[in-house]
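The values are calculated or read from the model by the stated rules, or taken from the named source; none is laboratory data. Source: prediction; values computed, not measured. Cβ atoms come from the backbone with ideal geometry, glycine included; neighbour counts cover every protein chain shown. Ligands, DNA and RNA are stripped out before the accessible areas are found, and what is left, the full protein with its side chains, is counted by its heavy atoms. Shrake-Rupley method; radii C 1.70, N 1.55, O 1.52, S 1.80 Å.
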There are 2 protein chains.
Amino acid sequence: MRVSWISRLFGRDEKQVAAPTLPGRRDFAELPRADFAEFTPDLGAFLGQAAYVQLEIFEGLARAVLAAPSVVDKELLTEASARALRKQQALVDVIRDAGLDPADVMTPFAPAIDSFKAATTGSDWWELLVSSYVTGGILEEFFTGLAAGLPAPYAEQVSAILAEPGASDDLAQIVGAGIAADPDLQHRLALWARRLVGDTLLVARSALRGEKDIDHVEPVFTELIAGHSRRLDALGLTA
Amino acid sequence: MRVSWISRLFGRDEKQVAAPTLPGRRDFAELPRADFAEFTPDLGAFLGQAAYVQLEIFEGLARAVLAAPSVVDKELLTEASARALRKQQALVDVIRDAGLDPADVMTPFAPAIDSFKAATTGSDWWELLVSSYVTGGILEEFFTGLAAGLPAPYAEQVSAILAEPGASDDLAQIVGAGIAADPDLQHRLALWARRLVGDTLLVARSALRGEKDIDHVEPVFTELIAGHSRRLDALGLTA
């Protein structure tokens with residue numbers, strides 16, 4: 001499944017990639033980490049995309065607050081939203097410290113990310129939560145990887161911001177409980193999670209600097225998908 | 001207009017209240033401040049309502065972020081949302097410090113405040129912004145007044161939290177620019193702002209402790225309406 005996502009993204013024939021020597025999912029954690037840093041775009045482009053993606057993550061969580069069926073869930077998701085928003089605002093502070101205008105650097109990326117959001121919001125609260133978990137998880141890992149390639153002192157600053165806890169644990173708690181209680185929901189959300197990955201990796205791909213030859217960038221995507229699989233396991237879903 | 005809101009709220013005949021000796025709007029600032037503190041409910045009820053109302057204020061701003069037509073507006077409203085959310089989370093921290101459960105103390109007030117929200121969201125982005133400005137402005141002033149009647153150390157803690165800047169300046173900036181550019185919008189939003197006040201004062205009224213005899217509580221509402229009028233003036237609207 002992992003391999004077919006990558007090959008679909010890059011238009012390569014699936015059979016060519018699905019070599020029998022590929023490691024199983026459990027082996028991914030032991031592979032050397034791909035070096036994302038060689039694909040890091042320039043500072044303005046990185047910060048604009050990272051800040052707008054974090055805004056997008058916050059917006060998804062805010063929607064989930066609005067739609068929460070109980071005050072307990074609303075409160076939990078509000079705290080998750082607050083964490084996501086602190087990260088977004090911290091990135092905006094970095095943009096200002098770098099002498100750039102937040103709206104200026106975010107605007108070029110807004111149309112594509114807005115379309116991505118529209119395609120991945122889902123049809124109900126559960127799908128929205130899974131979307132926040134899956135797309136947020138992949139994109140935070142992705143931008144964390146790219147941040148290592150920023151010039152000093154930004155690499156360290158941005159890495160520290162992105163390493164702050166986000167919404168993941170709260171989302172896993174709510175969705176995990178829902179899935180454990182309802183096998184139909186588990187099935188539906190597993191399919192939905194699978195659908196989200198392709199669109200999310202396309203957003204990541206578009207953020208890469210330079211040539212995007214499949215053999216060159218595949219390790220990045222392999223690593224993102226491995227992280228995604230681990231996060232789905234934590235929910236009780238299978239990638 | 002002020003007097004008719006109060007009299008409608010309390011079911012009193014308008015003519016009885018509209019005595020010619022009532023001060024004009026500009027004079028309200030010079031009146032002694034009403035003593036809200038005698039109406040302060042017990043700590044759990046106060047904190048539950050104040051935190052849920054702040055959650056409601058945050059939700060309105062989050063909706064405004066989602067619907068913002070430009071990245072510049074989105075960014076400005078995101079900062080306003082972040083401030084509102086910090087205040088809400090600070091109130092939740094006070095609830096926890098007081099040994100209470102946030103969801104437990106908020107839940108009793110959720111149905112009425114959710115209905116209020118549904119009635120005051122408006123039909124487009126501009127009405128949503130004005131609603132956040134008008135209802136948030138009145139209710140923050142109201143809970144600030146009530147906070148003085150809390151036991152120590154909560155009176156001081158909560159007053160400090162509520163005194164932090166909220167969304168008001170950002171909302172005034174966006175709506176003021178919209179109104180200045182479009183007389184039709186000015187007219188429509190003035191009518192909308194007027195409609196919001198009655199529902200907002202009813203939420204405030206329901207939060208008061210003890211008997212709610214009109215002669216007794218009228219100074220509180222007179223002061224809230226005076227503050228409302230000043231905030232509308234700042235937008236270029238008339239109450």
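Observations, loosely collected:
- On the beta carbon distance between B:I214 and B:A181, with R0 = 35 Å, the FRET formula returns roughly 0.30.
- Prolate/oblate/rounded call for segment A:43-125, Cα gyration tensor, a/c under 1.5 rounded: oblate
- 20 Å tail of the calculated P(r), segment B:59-181, as % of Cα pairs: 48
- Pairwise burial B:A, computed as accessible area of each alone minus the pair, summed, 1.4 Å, Å²: 2200
- Summary of the geometry: segment B:41-81 and segment B:120-163, compared by the centres of their Cα atoms, lie 10 Å apart.
- Listed residue (B:I57, B:V71, B:A37) projecting farthest to the positive dipole end of segment B:37-158, Cβ model: B:V71
- Modelled label positions at B:D97 and B:R230, each set 7 Å beyond Cα in the direction of Cβ, lie 2.7 nm from each other.
- Remark: the Cα gyration tensor places segment B:81-124 in the oblate category, a/c being 1.5 or greater and a/b not exceeding b/c.
- 1.4 Å probe accessible area per residue over segment A:56-116, in Å²: 35
- With respect to the axis relating copies A and B by rotation, the chain A residue whose beta carbon is closest, plus that distance in Å, is A:A62, 2.
- In nm, spacing of pseudo-spin labels at B:D42 and B:L191 (7 Å Cα→C-beta vector): 4.6
- Here the Karplus relation 6.51 cos²θ - 1.76 cosθ + 1.60, evaluated at θ = phi - 60°, turns the backbone of segment A:47-64 into coupling constants of 5, x, 5, 4, 5, 6, 5, 5, 4, 4, 5, 4, 4, x, 5, 5, 4, 5 Hz, with x for every Gly and Pro.
- For segment A:194-239 versus segment B:100-117, the spacing of their alpha-carbon centroids is 40 Å.
- When the charge dipole of segment B:113-173 is built from unit charges on Cβ atoms (+1 for Lys and Arg, -1 for Asp and Glu) and taken about the Cα centre, the candidate among B:V134, B:T120, B:Y154 whose Cα reaches farthest toward its positive end is B:Y154.
- Pairs with C-alpha atoms separated by more than 23 Å, drawn from the list A:K117/B:K117; A:K117/B:K74; A:K117/B:K87, are A:K117/B:K117; A:K117/B:K87.
- The residues neighbouring B:K117, those whose beta-carbon lies less than 9 Å from its own, together hold a net charge of -3 under the Lys/Arg +1, Asp/Glu -1 convention.
- Subtracting the Cα-Cα distance of A:A155 and A:L202 from their residue separation scaled by 0.36 nm leaves 14.6 nm.
- Accessible area of segment B:108-239 belonging to carbon and sulfur atoms, whole % at 1.4 Å probe: 55
- Shape call, segment B:156-239: gyration tensor on alpha carbons, a/c limit 1.5: oblate
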